[in-house]
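FYI, it's all coordinate maths here, none of it is from the lab. Bear in mind the structure is a predicted one, so any value in this text is a computation, not a measurement. Here Cβ is always computed from backbone atoms with ideal geometry, including for glycine, and neighbour counts include all displayed protein chains.
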Amino acid sequence: MNKNILLPTLLPKGANPVSPFEKERYLGLWYEIARKDFKFERNLNNTTAEYSLNEDGSIKVVNRGYNTVKEEWTQAIGKAKFVGDETTARLKVSFFGPFYSGYNVIALDVDYRYALIAGKDLDLLWILSRETTVPDEIKDQYLQLAEEIGYDTSDLIWVEHNQK
């Protein structure tokens with residue numbers, strides 16, 4: 001029996017994960033450039049995501065950010081697993097035990113410097129960069145793609161990176 005049949009789609013309609021995808025090139029530190037607001041990142045700035053391999057082959061995820069209300073750093077550690085073949089950037093990620101959400105790389109430049117991530121639905125979207133900024137042409141391209149899928153990008157939070 002195919003276990004994937006039992007999984008929710010974890011991917012917005014019209015979003016296509018990057019393929020071919022090389023997970024080793026994706027590992028490392030990414031800066032969050034923009035995101036849709038959601039409760040686990042509320043009030044965070046200077047947010048980063050760092051990906052490394054776990055011994056079992058899953059991907060360790062360390063999300064870190066500065067809470068501007070509490071005035072303290074916070075982090076969450078989770079793990080990501082591929083949904084299907086590892087050459088397609090369609091993953092599920094969990095920070096809370098057996099509960100997974102979608103993590104889908106739907107745009108990625110050839111040098112693995114900029115990425116557009118779709119969550120499980122149109123409420124979750126991220127733009128990531130290996131640097132604290134992203135060129136305007138990449139930003140415009142990623143926003144256009146997100147809008148074509150159905151995302152409302154007018155309410156994106158543009159993350160500041162002003163602390164270490």
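The table for this structure:
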| read-out | value |
| --- | --- |
| Mean ellipticity per residue at 222 nm, deg cm²/dmol - from DSSP H runs of n ≥ 4 across the chain, formula -39500 (n - 2.57) | -3000 deg cm²/dmol |
| Ratio of Rg to Rh over the range 8-93 (Cα coordinates, Kirkwood Rh, two decimals) | 1.00 |
| Peptides 118-125, 49-56, 25-32 ordered by average Cβ neighbours within 10 Å, highest first | 118-125, 25-32, 49-56 |
| Estimated dipole of the range 102-143 in Debye, rounded to 20 [Cβ of Lys and Arg +1, of Asp and Glu -1, Cα centre] | 160 debye |
| Translational diffusion of the range 86-164, µm² s⁻¹ [Kirkwood Rh, Cα pairs; Stokes-Einstein; 25 °C; 0.890 mPa s] | 179 µm²/s |
| Cα centre as origin, Lys/Arg/Asp/Glu Cβ charges: the range 1-140 dipole, Debye | 520 debye |
